[in-house]
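The values are calculated or read from the model by the stated rules, or taken from the named source; none is laboratory data. Please read these numbers as outputs of a predicted model, since none were measured by experiment. Here the Cβ is made from the backbone with ideal geometry for all residues, glycine too, and neighbour counts use every protein chain on show.
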Amino acid sequence: MSIPFSAAQLTTLAARFGTPLWVYDAATIRARIAALAAFETVRYAQKACSNLHILQLMRAQGVRVDAVSRGEVLRALAAGYTAGHTAERVRGDAARAAAAEIVFTADVLDHATLACVVAQGVPVNAGSIDMLHQLGRAAPGHPVWLRINPGFGHGHSNKTNTGGEHSKHGIWHADLGAALAAVRAHGLALVGLHMHIGSGVDYAHLAQVCGAMVELVRATHAAGHDVHAISAGGGLSTPYREGDAAVDTQHYHSLWDAARREAEAIVGHALGLEVEPGRYLVAESGVLLCEVRATKHAGSTHFTLVDAGFTELLRPAMYGSYHAMSVLRPDGSTPPGSRTTVVAGPLCESGDVFTQGEGGVLLPRPLPPAQVGDLLVIHDTGAYGASMSSNYNTRPLAAEVLVDGDQARLIRRRQTVEELLALEQNLHESMALPR
Ligand code: LLP
């Protein structure tokens, strides 16, 4: 909702680096990390914002990292995270693997990723039994977590609900026995149990989630397997709208801590407790700065057209997500008054609209009346903003800047069209195909 930057800071950054521009605030990220200090392991779901410099900031604060692709594993390594152990040392040592700096979470392992996690000794949080077989054949003894779909889920939209019968994520709870059998058959080292049931979870259901985890630990123990840690997954929500409640991290921790104690009583020893947030750590740290390039009417609808589109911020087009906005004149002032307008981008797509609801319905919004040359600031875009950007319409990726106190640092330069074209130029590979 409110943003951690002054008008003068934003106009200065736009003048220096151009628009569209992502701007993040380091102090906000550090404050969110501090609010989770009760968890001994905070594992950042880097898909939310995977810039190397953001990962370095996380690492400097003692935050570990989750990766969901080979690229994200390589990013974590490039940011200074260590796989921590050679594959040989970590193999068979689940207790040591529970402290791994990088964990790989997914429902599939492609060939290159399989080779990467094995070579680096990165524990795998497996969302399918096929992954366990593939990993077990390639690297017997490799450390694994089991990501379980408890049969229910929640999320801010159907597309971010990751539990229940309609979700492709996780090992179905009734298949826990088969998963454990695969672990045993390959001598995989079971680190822990993990559940992530959605983004923007409904806290009324937390007790149900924690209860499901305790039952999973009980069933795992009864099957003769030990575990060293449990993971609450991510999903801590962000107050995107005025009036949305902020997460009570103490309450959240106390529910999970109670579940952990129950689980410890079952297994008879201490268990690690992880939390794996993405959005919570970064959403409110970031804004997307764009410039108003045209205003117009279509019948009774007023449009404010800016130089960023769903190529930059996909969330409104994808989920009908709401992001608060503000308008700044080049001198930093806010235009007086209000006009109800649809804020849209430059893409050759009718759905390229920032003020829309689920299903694409236009939601004109009262905003200070913007004119060409003003800045439009889209709030709370630090999570799933830059990381979900695309090159559609041959648009280069926007630049990213990290603000720390009174210092601003470019942390990703703007991509160039030449870089995009280069992928398609000077190619000399062709072959004859069989009929
Ligand atoms: N852990 C796992 C296994 C996940 O799949 C995710 C998110 C997270 C943690 C982090 O969730 P968070 O704390 O950020 O809610 N693009 C969507 C969100 C998709 C999330 C996918 N998985 C959005 O913009 O809302």
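Below, the figures for the structure above:
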item: Test for G200: is it surrounded by fewer than 23 Cβ atoms within 10 Å (Cβ to Cβ), under 20 Å from the mean Cα position of the chain (by Cα) and within 10 Å of the ligand (Cβ to nearest atom); result: yes
item: Region 40-53, subset surrounded by fewer than 20 Cβ atoms within 10 Å (Cβ to Cβ) and within 16 Å of the ligand (Cβ to nearest atom), residue nearest to S231 (Cα to Cα); result: T41
item: Residue in region 57-71 that is surrounded by 19 or more Cβ atoms within 10 Å (Cβ to Cβ) and either at pLDDT below 95 or over 22 Å from V117 (Cα atoms) (or both) present; result: yes
item: Any hit, region 244-252, residues being loosely packed, with under 15 Cβ neighbours inside 10 Å, of a type in the set (A, V, I, L, M), within 15 Å of the ligand (Cβ to nearest atom) and assigned by TED's automatic domain parsing to the domain that holds L190; result: yes
item: Strands (runs of 3 or more DSSP E) contained in region 111-225 and holding at least 3 residues of a type outside the set (A, V, I, L, M, F, W, C); result: 143-149
item: Residue identified as touching a helix residue (DSSP H, G or I) at 6+ places or on another chain (Cβ under 9 Å) and away from the ligand (no atom under 16 Å from the Cβ) among L314, L289; result: L289
item: Selection status of A204, at pLDDT below 95 and more than 19 Å from A97 (Cα to Cα); result: yes
item: Odd one out for T105 among (1) within 18 Å of the chain's Cα centre (by Cα); (2) more than 23 Å from A204 (Cβ to Cβ); (3) part of a helix (DSSP H, G or I); result: (3)
item: In region 283-315, the residues that are among the hydrophobic types (A, V, I, L, M, F, W, C), touching a strand residue (DSSP E or B) at 6+ places or on another chain (Cβ under 7 Å) and farther than 10 Å from F354 by Cβ; result: V287, L289, V292, A294, F303, L305
